[in-house]
1. Could you give every pair whose Cβ atoms fall below 8 Å, whose first residue belongs to the range 22-46 and is at negative phi, and whose second residue is outside any loop (DSSP other than H, G, I, E, B) and loosely packed, with under 13 Cβ neighbours inside 10 Å, counting only separations of at least 6 or pairs across chains?
2. Across the range 13-36, what is the number of residues that are at pLDDT 95 or above and among the β-branched types (Val, Ile, Thr)?
3. With the structure loaded, tell me whether residue 5 is at pLDDT 75 or above and open to solvent by 60 Å² or more (accessible area, probe 1.4 Å) or whether it fails that test.
4. With respect to the numbered conditions (1) open to solvent by less than 100 Å² (accessible area, probe 1.4 Å); (2) under 20 Å from residue 6 (Cβ atoms); (3) of a type outside the set (Gly, Ala, Ser), which one is the sole condition not fulfilled by residue 23?
Amino acid sequence: MELGYFQKDALIEKLARKFYAIQGYVVPESYRMQSATHPAERACVAMAFTAIEEIEFELANDDDTEIIKWQQGQSLTG
């Protein structure tokens, strides 16, 4: 399974913000994490991208896995 471009883009932004928040930082909602130049912010984007790639890889290699259908605006937790 592979997410569409806009789904992946929105999910990367959401995950990067969450990873950044775990470190105690907050950015304005209008701030685009993928355009960041600060090393800590760029690391959060890289972690988000890696997480999504790993999930897509696992889903593509497991026919018994339930397909996750996520759309922008939905919670990542269910």
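1. Matching pairs, first to second residue: 23/40; 25/40.
2. 1
3. Numbers: at pLDDT 75 or above: no; open to solvent by 60 Å² or more (accessible area, probe 1.4 Å): yes.
No: the conditions fail for residue 5.
4. Of (1) open to solvent by less than 100 Å² (accessible area, probe 1.4 Å); (2) under 20 Å from residue 6 (Cβ atoms); (3) of a type outside the set (Gly, Ala, Ser), only one is false for residue 23: (2).
The values are calculated or read from the model by the stated rules, or taken from the named source; none is laboratory data. Quantities reported herein were computed from a predicted structural model and do not represent experimental measurements. With ideal geometry, Cβ positions are generated from the backbone for all residues, glycine too; neighbour counts draw on all protein chains shown. Note: accessible area is taken over every heavy atom of the protein model, side chains too, but ligands, DNA and RNA are not part of it. Shrake-Rupley method; radii C 1.70, N 1.55, O 1.52, S 1.80 Å.
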